[in-house]
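Read through the structure below, which is laid out as structure tokens, and then see the notes.
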Amino acid sequence: MTENKLPVFYACINKNEASRNCSSSGGVFTLLAERVIAENGAVFAARFNSDFEVIHDCCEEISELKFFLGSKYVQSKMNGVYSYVKSKLSEGKKVLFCGTPCQVSALKAYLGCEHADLLTVDFVCHGVPSPKIWKDYLRKIANGREISNINFRDKTEGWRRFSLKIQFTNGDEYRAMHREDTFMKGFLQNIYLRPSCYECAFKGLESEADITLADFWRAQEFVPSLYDDKGTSLIIVNSQKGIEAWNRIEDKMCFERSDEATALAVNSSILHSAPRPAKRDTFFTDKETDIVVRIEKTVKIGMMQRVKGKLKSVFSSIKG
């Protein structure tokens, strides 16, 4: 890529099928992270801790990178991470920091100035759910069993029909498609996102990150040559530093140039915050102790309201 007009849009997939299968969509974060680690750098991103809470942490070995792959639909804990990034930069190391747009902005505010060795990567964010709701839900699903692994975007049934998969040390497995799993239904209906997510200040195409990652939904329509239902990434290159990072990995990808209109068509979360559900406050004041019952009750009400709204719209158009 030699263009200087920014941002630049791409649809792409990692040529390495194993890497792409472990990723949420096209596997581009893996390529960026591997490159930085190969240059003796450090990668900061989200992973699960031993209690399967989501935390931001540092990775400096390729063998550990697997723990940082894939989406985690929970707000990550940032304890001491920004100062850790600063210390790595002070050592003269190259650093890749990947997080939500607000986390990237917070890091830059903390550092106070640009750093030539810092590459920032954000992603198109639907909003981050409450860690407490996730903890309560996980306890309910585990039911005393020890968890060995969690994948929010398991592709067993395909990229578009992704599942939440939870594996246990005794060999048991829980897997449910995202529109059937209770936690994911509540997340996708925006029931327990953090309050600021409903009026996100970081929507739009003026990202503070060098590169933005996203799902290229409707790839089968816009870029059929890059669609096989295994994951296709939408990449938005926002800065000259992002261009340089792209140039270092483009030989490891299959890609096609895209444009702003297509990007906005395939991923509306670029521009729009999640709407605040009418029943959010009721959900958080509900005294129901069973988290699954509590979520399902709220989701059911929300679904009924949407159906009624659609019927009202249809009847209004007929009457008109």
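The values are calculated or read from the model by the stated rules, or taken from the named source; none is laboratory data. Here the structure is a predicted model, which means the values were calculated and not measured. Heads up, the Cβs are rebuilt from the backbone with ideal geometry, glycines too, and the neighbour counts pull from every protein chain shown. Heavy atoms of the whole protein, side chains included, go into the accessibility calculation; ligands, DNA and RNA do not. Shrake-Rupley method; radii C 1.70, N 1.55, O 1.52, S 1.80 Å.
Cβ-Cβ distance below 8 Å, separation of 6 or more or different chains: which pairs start in the range 38-51 with a residue that is hydrophobic (A, V, I, L, M, F, W, C) and at pLDDT 95 or above and end on one that is assigned to a loop (DSSP other than H, G, I, E, B) and open to solvent by 20 Å² or more (accessible area, probe 1.4 Å)?
Pairs that qualify, where the first residue is hydrophobic (A, V, I, L, M, F, W, C) and at pLDDT 95 or above and the partner is assigned to a loop (DSSP other than H, G, I, E, B) and open to solvent by 20 Å² or more (accessible area, probe 1.4 Å), are Ala42/Glu60; Ala42/Lys93; Ala42/Lys94; Val43/Glu60; Ala46/Lys72; Phe48/Lys72.
Run Arg153 past the list (1) of a type in the set (Lys, Arg); (2) in contact with a Phe, Trp or Tyr (Cβ under 6 Å, 6 or more places away or on another chain); (3) in a loop (DSSP other than H, G, I, E, B) and report the number of the one that doesn't hold.
With respect to (1) of a type in the set (Lys, Arg); (2) in contact with a Phe, Trp or Tyr (Cβ under 6 Å, 6 or more places away or on another chain); (3) in a loop (DSSP other than H, G, I, E, B), Arg153 is out only on (3).
Tell me, which residue of the range 265-282 that is without any contact (Cβ under 8 Å) to a residue 60 or more places away in the chain and either of a type in the set (S, T, N, Q) or open to solvent by 50 Å² or more (accessible area, probe 1.4 Å) (or both) is nearest to Thr120 (Cα to Cα)?
Applying the first criterion (without any contact (Cβ under 8 Å) to a residue 60 or more places away in the chain) to the range 265-282 yields 265-266, 268, 278, 281-282.
If we keep only those that are either of a type in the set (S, T, N, Q) or open to solvent by 50 Å² or more (accessible area, probe 1.4 Å) (or both) as well, we get 268, 278, 281-282.
Working: Ser268: 22, Ala278: 35, Asp281: 35, Thr282: 38 Å.
Among residues in the range 265-282 that are without any contact (Cβ under 8 Å) to a residue 60 or more places away in the chain and either of a type in the set (S, T, N, Q) or open to solvent by 50 Å² or more (accessible area, probe 1.4 Å) (or both), the one nearest to Thr120 (Cα to Cα) is Ser268.
Is it true that some residue in the range 275-282 is farther than 29 Å from Arg35 by Cα, in a loop (DSSP other than H, G, I, E, B) and small (Gly, Ala, Ser)? Quick ask: steps written out before the conclusion?
Start the filter on the range 275-282 by keeping residues that are farther than 29 Å from Arg35 by Cα, which leaves 275-282.
Applying the additional criterion that residues be in a loop (DSSP other than H, G, I, E, B) yields 275-279.
Pick out the ones that are also small (Gly, Ala, Ser) and you get 278.
Checking the range 275-282: at least one residue is farther than 29 Å from Arg35 by Cα, in a loop (DSSP other than H, G, I, E, B) and small (Gly, Ala, Ser).
Is it the case that some residue within the range 89-102 is farther than 18 Å from Ser239 by Cα, among the basic types (Lys, Arg) and modelled with pLDDT of 95 or more?
Our first condition is that a residue be farther than 18 Å from Ser239 by Cα; within the range 89-102, this holds for 89-93.
Filter once more, so that each one left must be among the basic types (Lys, Arg): 93.
Those still in the list that are modelled with pLDDT of 95 or more too: 93.
Yes - at least one qualifying residue is present in the range 89-102.
Of everything in the range 161-190, what is in a loop (DSSP other than H, G, I, E, B) and either in contact with an Asp or Glu (Cβ under 6 Å, 6 or more places away or on another chain) or buried (at least 19 other Cβ atoms within 10 Å of the Cβ) (or both)? Give them in sequence order.
Narrowing the range 161-190 to residues in a loop (DSSP other than H, G, I, E, B): 161-162, 169-172, 178-181, 189-190.
Those that are in a loop (DSSP other than H, G, I, E, B) and either in contact with an Asp or Glu (Cβ under 6 Å, 6 or more places away or on another chain) or buried (at least 19 other Cβ atoms within 10 Å of the Cβ) (or both): Phe162, Thr169, His178, Asp181, Gln189, Asn190.
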